[in-house]
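Structure, as structure tokens:
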Amino acid sequence: MASGSMIPCVTLNTGHAMPVLGFGTGSSRTPEDLPATILHAVRLGYRHLDTASLYGTEAAVGAAVAAAVSSGAVASRADLFVTSKLWIADAHPGRVVPALRESLGRLGLDYLDLFLVHWPVARDDDDEEKKSRLVPFDMEGVWRGMEECHRLGLAKAIGVSNFSAAKMAKLIDLAQVPPAVNQVEMNVGWRQEKLREVCAVNGVVVTAFSPLGAHGSDWGSNAVMESDVLRDVAATRGKTIAQVALRWLHEQGVGFVARSFNKERMKQNMDIFDWELNEDDKENIMQIPQRRACQGEYFVSPNGPYKSLQEFWDGEI
Ligand SMILES: NC(=O)c1ccc[n+]([C@@H]2O[C@H](COP(=O)([O-])OP(=O)(O)OC[C@H]3O[C@@H](n4cnc5c(N)ncnc54)[C@H](OP(=O)(O)O)[C@@H]3O)[C@@H](O)[C@H]2O)c1
């Protein structure tokens with residue numbers, strides 16, 4: 001990892017280092033010159049870039065990586081940690097390795113640092129609207145494909161996303177290569193205590209997505225950015241609400257992927273590693289009501305493999 005980076009790393013169960021703060025690129029509104037925006041983030045010190053086949057940002061991430069190396073912002077590709085994700089249309093045993101190769105083609109890279117199963121869901125066609133075409137998710141078959149990606153050296157680490165504690169336990173039981181990461185919704189308004197316990201016992205790093213509650217997105221919540229508790233803590237600490245929210249995650253020992261395409265805010269979001277919350281702050285934050293915002297209701301239907309949100313999240317909702 002690049003020396004001089006201000007963002008600390010966590011060591012994955014594969015032995016390699018993942019910067020705890022990732023730069024999110026999943027958004028319904030991306031700037032026109034996304035590669036330049038991502039390159040700017042790298043210049044500021046971001047070293048972990050989070051993308052997915054779904055987001056349509058793999059090519060921009062790849063272009064930014066190439067520009068970061070050619071401009072000397074980093075010494076080599078190895079100084080960057082790139083995560084991408086397997087979309088549900090490819091969540092079939094025979095599709096995992098080809099899908100990763102396609103992602104790598106869009107990125108212009110020969111390996112990913114981390115490849116995640118995006119959701120525990122499989123779809124048998126490419127049409128976003130057809131809920132009826134969801135088919136049962138073959139966890140073991142898909143994971144064998146992920147293990148093959150790892151064995152081939154195409155993904156240095158493999159993991160999952162949006163897996164409940166119950167699904168994690170099942171995966172850990174069947175895995176020959178254990179998952180390194182579970183990337184899930186986590187923030188002060190959804191603390192994921194049960195899941196974090198299962199992951200900790202099994203050496204799986206939890207990475208929080210939507211650390212600011214996906215504020216401003218269609219499904220996002222105001223629970224973080226409009227929290228009175230965080231507003232008070234921020235005022236006493238002389239920090240912003242976003243910084244308090246991200247610092248809290250850091251103190252929980254998890255990784256987190258934040259997204260800002262605004263130069264000032266992307267800088268602000270990195271500026272959380274040289275101060276601490278005090279006991280009162282932490283106690284107050286524990287009083288924030290809990291609610292899962294990213295529920296995945298589009299994966300639930302009366303005729304589909306998941307018939308209710310309770311079933312989809314194994315009661316963890
Ligand atoms: N695995 C999954 O299923 C999954 C799901 C969702 C997200 N993700 C990943 O996680 C990343 C982050 O999550 P997210 O995009 O949902 O939401 P988020 O990071 O919680 O929130 C993003 C929103 O907060 C604003 N923001 C960022 N920094 C701010 C600051 N310092 N002050 C005020 N507002 C600020 C951004 O606006 P500006 O750009 O204007 O600053 C944007 O509207 C995604 O980009 C994606 O890479 C993964």
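The values are calculated or read from the model by the stated rules, or taken from the named source; none is laboratory data. Values in this document were obtained by computation on a predicted structure and should not be read as measured data. FYI the Cβ positions are ideal-geometry reconstructions off the backbone, even for glycines, and counts take in every protein chain you see. Side chains are part of the model used for accessible areas, which takes the heavy atoms of the whole protein and leaves out ligands, DNA and RNA. Shrake-Rupley method; radii C 1.70, N 1.55, O 1.52, S 1.80 Å.
Return the tail of the calculated pair distribution for the range 214-317, meaning the percent of Cα-Cα pairs more than 18 Å apart. Let's see the in-between values first.
Working: 3084 of 5356 pairs.
It works out to 58 percent of all Cα pairs.
Let me check against my output: what whole-number percent is the relative contact order of the range 233-281, with C-alpha pairs under 8 Å and at least 6 apart?
39
Using alpha carbon centroids, what distance separates the range 93-118 and the range 14-55, in Å?
16
Taking just the C-alpha trace of the range 1-149, give me its Rg and Dmax in Å.
16.0, 50
Test of understanding: express the Cα radius of gyration of the range 193-238 as a ratio to 2.2 N^0.38 Å, with N the residue count.
Numbers: Rg = 14.3 Å, N = 46, 2.2 N^0.38 = 9.4 Å.
It is 1.52.
Work out the charge dipole of the range 186-317 with +1 on the Cβ of Lys and Arg and -1 on the Cβ of Asp and Glu about the Cα centre, then indicate which of 208, 192, 229 is farthest towards its positive end.
Toward the positive end, the furthest listed residue is 208.
Would you compute, from DSSP H runs of 4+ residues alone, the mean residue ellipticity of the chain at 222 nm, taking -39500 (n - 2.57) per run and dividing by the full residue count, rounded to the nearest 500?
Details: 11 runs with 106 residues, N = 317.
Here the helix-only value at 222 nm equals -9500 deg cm²/dmol.
Please check: in the Gaussian network model of the chain (C-alpha springs, under 10 Å), which one of 146, 266, 186 has the largest mean-square fluctuation.
Among 146, 266, 186, the largest mean-square fluctuation in the Gaussian network model of the chain belongs to 266.
In debye to the nearest 20, how big a dipole does the chain give about its Cα centre with +1 on each Lys and Arg Cβ and -1 on each Asp and Glu Cβ? Can you show the working numbers first?
Values: 32 positive and 40 negative charges, 77 e Å.
Around 360 debye, computed over the chain.
Per the Kirkwood formula on distinct C-alpha pairs, the Rh of the range 132-198 is how many angstrom? Kindly include the intermediate steps, with their values, before the conclusion.
Details: mean 1/r = 0.0762 Å⁻¹.
Hydrodynamic radius (Kirkwood, Cα only) of the range 132-198 equals 13.1 Å.
Which whole number of Å³ per residue matches the convex hull of the alpha-carbon atoms in the range 155-263?
Values: hull volume 13.5 nm³, N = 109.
Taking the convex hull of the Cα positions in the range 155-263, it is 124 Å³ per residue.
On the principal axes of its Cα set, how long, how wide and how thick is the chain? Give whole Å, largest value first.
The principal-axis extents, from largest down, are 52, 47, 37 Å.
Quick one: pull the percent of accessible area on the range 59-162 belonging to carbon and sulfur, 1.4 Å probe, ligands and nucleic acids left out. Each step should come with its number before you reach the end.
Values: 1970 of 3820 Å².
So the carbon and sulfur contribution to the accessible surface is 51 percent.
Calculate the translational D of the range 269-308 in whole µm² s⁻¹ from Stokes-Einstein, where the hydrodynamic radius comes from the Kirkwood formula applied to all Cα pairs, the temperature is 4 °C and the viscosity 1.567 mPa s.
Values: Rh = 14.1 Å.
Approximately 92 µm²/s, per Stokes-Einstein.
Could you state the accessible area per residue of the range 190-282 in Å², with a 1.4 Å probe and every protein chain left in place?
On the way: 4360 Å² over 93 residues.
Value returned for the range 190-282: 47 Å² of accessible area per residue.
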